[in-house]
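The values are calculated or read from the model by the stated rules, or taken from the named source; none is laboratory data. These figures come from a predicted structure and were not determined experimentally. Here the Cβ positions follow ideal geometry from the backbone for every residue, glycine too, while neighbour counts run over all protein chains shown. Ligands, DNA and RNA are excluded from the accessible area calculation, which covers all protein heavy atoms including side chains. Shrake-Rupley method; radii C 1.70, N 1.55, O 1.52, S 1.80 Å.
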Amino acid sequence: MKADVVIIGSGISGLTAAAILAAKGRKVVIIEKQPRIGGALKRFRRGNIPFDVGFHYTGCLGQGDILHLLWHYCSVLHRLEVLPFPAEGHDRLYINGYPPPVRAYFSYTRFTDELKQHFPAEQGAIDQYFQKIEHICRSIPFYNTKLPLTDFLQGYKPKGHPLSEFLEKITDNRFLQAALANPAILYGVPTDQVSIDVHAMVAHSYYTGAYGIAGGGQAIVDAFQARLQEADTEFLTDRAVASILVDDHGVTGIRTDREETIESDYVIHTGHPSALIDMVPDGCFRPAFRNRLIDLKNSISMFALFGTVSATPGTKAFLDWTNHISIPEGPNSFPPSLKTRSTQRSLMLTCTERTANNTLQPQIKSVILLQPAFWEEVAHFHHCRKGNRPPAYSRLKHTITEQMLQTAEKKWGDYLGPIRPLAMGTPLTFRDELSAPEGCAYGAMHCLNQYNPRPRTRVPGLLLSGQSTLMTGIVGASISGMVSAGEILGLESLWQEIRRWS
Ligand SMILES: Cc1cc2nc3c(=O)[nH]c(=O)nc-3n(C[C@H](O)[C@H](O)[C@H](O)COP(=O)(O)OP(=O)(O)OC[C@H]3O[C@@H](n4cnc5c(N)ncnc54)[C@H](O)[C@@H]3O)c2cc1C
């Protein structure tokens, strides 16, 4: 088989790259290890109830925002029903030791006003924080599309002071520090290791609006799939790329674990960058680059509990347009150390379906609880693969389920009633389902003192993409797909075409 471009992995980064390349007439083959395409975006079902895993909401889907432009360019936007969070929608923050919930609106103005009402003595600190975030984002082309992209990407690396240091400098108020640090839950890096620049990049996308999609992450996958099938892109599922073939001039193709060979001048790898080492022939990379890939530190993992509650008007009002997030106070509140007990870790309560008539069983509402987790908590079972986990692992999951339910019911039980658990994911689940080392939820950490690999490698034709390269989340991973496609097509001219609609 022959292709112009082989893409390894069918998450949002691979799908975005494929849609752009296919639109330019390239013959693309996407290879996916799992039986179904979509990576972290795809839904699973328990008892016929659909659950999202890696998509609960996103920023940047407003008119003229980067994801809006990009998905319009990919011819998928018109296939999606975008559900903007209403003006009164928000993340509701429950800060330990500070009883009234803080509404973290998806709007600079509303969130600023809310914080000033809660912390009237901290007006200066609040202004300083938001001015800093906006200032940083003005020089990022994804948020200021008038800017060229190439210069920005060439100079891009996490720099500046740690977020926690910045927060401690502007305020002593530990409740305010926690409220401002909270977007860390969306990129999974401890606040003393993340630069204010990286924090700004992710936080800004939510401070300017939040959006769901009718049908959740699966609807995004289906929209890309429909578009790509029109463009004759081929999907090969249930097989992994085992090796990338290289000669003296660069990439020549790939071989799968089923011994299939596909010839191609370009290969885009969207999985974890460290997996590349075993895929390429020895000597392809310089030792320094190889070591950099091996030493990449990973973002945190999650315990994810999927369940249901009775769908009363009260639970719907409580859940549909609000994510409830319990967080410890202070600037280093997220994520906690391994020693932090489950009951003291942050906990996010969200739901899958945001539209009333979307659920198959109208009397039931799906809920998802997400909590930071560490690989060490399940590392003991690292040798057990899916379908072959021992009883001790089930007991561990049961204990964690009970702890998460107790915390959630104590905090939100009055509004929700009892939660009926249906499934639980751990770092082991994410390792196996997403090929994510240590179950990292957001790929390799975008942290200080770590240089995440760039899209282009020294092997001609071999490119990297995905959340570990540039920025995490649906926004970051989709942009990374655009950038790797741009490396093949001409980055700046592609950028000019995409931003034409802004
Ligand atoms: C629990 C959780 C909640 C999240 N919530 C949100 C949210 O609400 N909003 C948001 O914006 N982001 C969220 N994220 C993050 C977001 O899901 C990711 O940043 C994004 O989906 C990553 O996309 P990707 O294409 O880089 O990787 P993935 O979606 O992980 O795709 C990579 C694909 O590559 C495949 N693969 C790997 N190696 C091989 C190989 N050798 N051969 C073939 N295939 C291979 C994998 O099977 C996988 O399908 C969440 C993540 C998690 C885990």
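For the stretch 1-69, rounded, prolate or oblate, judged on the Cα gyration tensor with a ≥ b ≥ c (square roots of eigenvalues), a/c < 1.5 rounded, else prolate if a/b > b/c?
oblate
Taking each full run of DSSP H in the chain as one helix, which ones are at least 20 Å long along their axis (Cα atoms) and have mean Kyte-Doolittle hydropathy of at least 0.5?
For the chain, where a helix must reach 20 Å along its axis and average at least 0.5, the hits are 473-489.
I need the per residue convex hull volume for the stretch 71-160, using only the alpha carbons, in cubic angstrom as a whole number.
168 Å³
If the cut-off is a Cα-Cα distance under 13 Å, which aspartates and glutamates reach Lys132, setting aside same-chain residues fewer than 8 apart in sequence?
Within the straight-line cut-off, Lys132 pairs with Asp197.
With a 1.4 Å probe and all protein chains left in place, how much of the accessible area of the stretch 275-388 comes from carbon and sulfur atoms, in whole percent?
52 percent
Taking only protein heavy atoms and a 1.4 Å probe, what accessible area per residue, in Å², does the stretch 1-160 have with all protein chains in place?
Result: 41 Å² of accessible area for each residue.
Carbon and sulfur atoms: what percent of the 1.4 Å accessible area of the stretch 36-88 do they account for?
That share works out to 51 percent.
Have a look at the DSSP beta bridges in the chain and tell me what percent are antiparallel, nearest 5.
70 percent
Lysines within cross-link reach of Lys386: Cα-Cα under 23 Å, excluding same-chain residues under 8 positions apart?
Lys33, Lys42, Lys397
7 Å from Cα along Cα→Cβ at both Thr252 and Asn388: what's the point-to-point distance in nm?
The answer from the label model is 3.5 nm.
Order of 448-456, 386-394, 164-172 by packing, highest average Cβ count within 10 Å first?
Going by the mean number of other Cβ atoms within 10 Å, highest first, we get 164-172, 448-456, 386-394.
If packing is taken as the average number of other Cβ atoms within 10 Å across a peptide's residues, how do 122-130, 253-261, 34-42 rank, most packed first?
Going from most to least packed, we get 34-42, 122-130, 253-261.
Rounded if a/c is under 1.5, else prolate if a/b beats b/c, else oblate: with a ≥ b ≥ c from the C-alpha gyration tensor eigenvalues square-rooted, which is the stretch 432-502?
prolate
Using only protein heavy atoms and a 1.4 Å probe, report how much of Glu88 is accessible, in Å² to the nearest 10.
120 Å²
So how long is each side of the stretch 159-237 along the principal axes, counting just the alpha-carbon atoms, biggest first, in Å?
Each principal axis gives a Cα extent; for the stretch 159-237 these are 56, 26, 20 Å.
Over all alpha-carbon pairs of the stretch 268-408, lay out the pair-distance distribution in 10 Å bins, whole %, shortest bin first.
9, 28, 27, 24, 10, 2, 0
Hey, what did the chain get for relative contact order, percent, Cα under 8 Å, at least 6 apart?
So the answer I get is 24 percent.
How many Å² of accessible area per residue for the stretch 356-502, probe 1.4 Å?
I get 44 Å² per residue for this part.
Using only alpha carbon positions, build the gyration tensor of the chain, then give the equivalent ellipsoid semi-axes as the square roots of 5 times its eigenvalues, largest first, whole angstrom.
Largest first, the chain gives 34, 26, 23 Å.
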